[in-house]
Amino acid sequence: MTPAVEIDKLTKDYEVGFLRKRKVRALDGLSLTVARGEIFGFLGANGAGKTTTLKLLMRLMYPTSGDARVLGRDIGDTAMHADIGYLPEHPYFYDYLTARELVEYCAELFGYGSAERRRRASDLLARVRLDEKSWDKQLRKFSKGMLQRVGLAQALVNDPAVVFLDEPMSGLDPVGRREVRDLIASLRTTGTTVFLCSHILSDVEVLCDRAAVLRKGRLAHIGRLEELRGAGGARPMEVVVSLEDSTRLEAALAPLDSARLTTTPGGARVEVPTEAEVDEVLRAVRAAGARLVAVQPVGNPLEELFVSEQ
């Protein structure tokens, strides 16, 4: 099957300066492929080239060199836009329109009749969990989070085969983030491909099948999430316990030279270099009569990989 997105050596230079013009390379020979039905994370710090990549794919700007295809068609074929959805990081909507009017207007651009436009607007605004009392309010009265929900609704109005989302959780409170994550995850059931740009790693970890890390316009890493988490090798582990007195636990851990004990109010944390030592720590915990609270990796491997590449 033809991939949903194919990027081949895509490069973009910007000309900056006034009297002394010079070129700045925002994207440098990017190549990657996204399979159909995949939720693909596109990670990078601010200025790494994520938004530039999306704008090139949307044909909002032209590449300096290289090419790309969406759904097997060159990005220069604008007829392909009928099969994609797009939510930019900072969308601008006609703020004198209501949420319902905007979504109906977007549906009209895709050629839907009046009855179907009304149905789609109602279904999508409900799907993105926008309060029905706000459907007929002007967008100028909306918060950033409410506008993000409307933006998601318009991105899905044509039942796209591929949807490109640039920081879709921006401006949302924790409840809103959870609801939008659930909405994006639900697109798997319809076979929709999601190309998700973000610098928020927790969103990518929860949602994505694979991810790419972009560093200064270049592809630094790409792979499945478990592969990226393991890129740094063996991970230190932490055992968290609850106990009143750490003296017995300290004595039980004495034979294990690699263990590092840190007392906390009402408990303790025991850190070991690798997962192999966890069983010995657990035996010491039981011998000391402590109650196990958690066994977890120290730090976030994906976050460390991300930070190390900046």
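The values are calculated or read from the model by the stated rules, or taken from the named source; none is laboratory data. Quantities reported herein were computed from a predicted structural model and do not represent experimental measurements. For neighbour counting, all protein chains shown are included, and Cβ atoms are generated from backbone atoms with ideal geometry for every residue, glycine included. For accessibility, only protein heavy atoms count, side chains too; no ligands or nucleic acids. Shrake-Rupley method; radii C 1.70, N 1.55, O 1.52, S 1.80 Å.
So here's what we get for this one:
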| item | result |
| --- | --- |
| Considering residues of segment 66-83 that are assigned to a loop (DSSP other than H, G, I, E, B) and not hydrophobic (A, V, I, L, M, F, W, C) only, the residue nearest to Val5 (Cα to Cα) | Gly72 |
| Positions within segment 56-76 being open to solvent by 60 Å² or more (accessible area, probe 1.4 Å) and either of a type outside the set (Ser, Thr, Tyr) or more than 23 Å from Asp28 (Cα to Cα) (or both), in sequence order | Arg59, Leu60, Arg69, Arg73, Asp74 |
| Qualifying residue in segment 156-165 (condition: more than 21 Å from Lys50 (Cα to Cα) and assigned to a helix (DSSP H, G or I)) | no |
| Matching residues in segment 121-167 - criterion: being within 19 Å of Ile200 (Cβ to Cβ) and of a type in the set (Phe, Trp, Tyr) | Phe164 |
| Residue selected from segment 1-36 under the condition in contact with an Asp or Glu (Cβ under 9 Å, 6 or more places away or on another chain), of a type in the set (Gly, Ala, Ser) and not in a strand (DSSP E or B), by the criterion least open to solvent (accessible area, probe 1.4 Å) | Ala4 |
| Contacts under 6 angstrom Cβ, first residue in segment 84-98 being farther than 15 Å from Lys141 by Cα, partner among the acidic types (Asp, Glu), 6 or more apart | Pro88/Asp166; Glu89/Asp166; Glu89/Glu167 |
| Filtered residues of segment 271-290 (kept if surrounded by 15 or more Cβ atoms within 10 Å (Cβ to Cβ) and not β-branched (Val, Ile, Thr)) | Glu271, Glu277, Glu280, Leu282, Ala284, Ala288, Ala290 |
| Test: residue in segment 193-203 that is touching a residue at least 12 places away in the same chain (Cβ under 8 Å), within 16 Å of the chain's Cα centre (by Cα), surrounded by fewer than 19 Cβ atoms within 10 Å (Cβ to Cβ) and farther than 23 Å from Lys55 by Cα | no |
| Qualifying position, being open to solvent by less than 80 Å² (accessible area, probe 1.4 Å), out of contact with any strand residue (DSSP E or B) (no Cβ under 7 Å at 6 or more places or on another chain) and not acidic (Asp, Glu), among Ala251, Ala259, Ala268, Ala220 | Ala251 |
| Any chance Ala107 is more than 22 Å from the chain's Cα centre (by Cα), buried (at least 21 other Cβ atoms within 10 Å of the Cβ) and not basic (Lys, Arg) | yes |
| The one condition in (1) open to solvent by 50 Å² or more (accessible area, probe 1.4 Å); (2) out of contact with any Lys or Arg (no Cβ under 9 Å at 6 or more places or on another chain); (3) part of a helix (DSSP H, G or I) that Val206 fails to fulfil | (2) |
